[in-house]
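Working notes, structure below.
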Amino acid sequence: MKFLLRVVINAVAIWLATLLLGESLEVVGGESTGERVLVFLVVALVFGIVNAVVKPIVKVLALPLYILTLGLFTLIVNAAMLWLVGWLSEQTEYGLRIENFWTAIVGGLIISVVSFVLSLAVRD
């Protein structure tokens, strides 16, 4: 149940990021509202899997950069994870499309902040 809640929170965060960033960050696919929601949930699921599997490995490898930049390298890692999700979903006709890496940085920041706030709001 907690995993499904995380997926929904990530889907809402990705949706808000696409609203704020417009066409530079968009989720494509889905004709009806139900299909569109499903696409957001699938993108959020892929985002969660990438964050659970790839991000810890990148964090360990980039530990010196985290220390050197006093944690600001987190923005780059979050953007890279979002960029990876975009690349993975480009292999299909549905999914996340990111215009450039700067959009990925801002999108990653928005998604992180919104996910954090929503996680606090639905905390037990």
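The numbers here are math on the coordinates, done by the rules we state, and not lab data. Everything quoted here is computed from the prediction, not taken from an experiment. Virtual Cβ from ideal backbone geometry, glycine too; neighbours counted across all protein chains shown.
A few comments on the model shown:
- Complete set of residues in region 58-91 that are without any contact (Cβ under 8 Å) to a residue 40 or more places away in the chain and of a type in the set (Val, Ile, Thr): Val58, Val60, Ile67, Thr69, Thr74, Ile76, Val77
- Options Glu90, Glu35; residue that is under 16 Å from the mean Cα position of the chain (by Cα) and among the acidic types (Asp, Glu): Glu90
- Among the numbered conditions (1) among the charged types (D, E, K, R); (2) in a helix (DSSP H, G or I); (3) within 16 Å of Trp87 (Cβ to Cβ), the only one that Arg6 does not meet is (3).
- Here Phe40 fulfils each of the conditions (1) closer than 22 Å to Trp102 by Cβ; (2) of a type in the set (Phe, Trp, Tyr); (3) touching a helix residue (DSSP H, G or I) at 6+ places or on another chain (Cβ under 8 Å) apart from (1).
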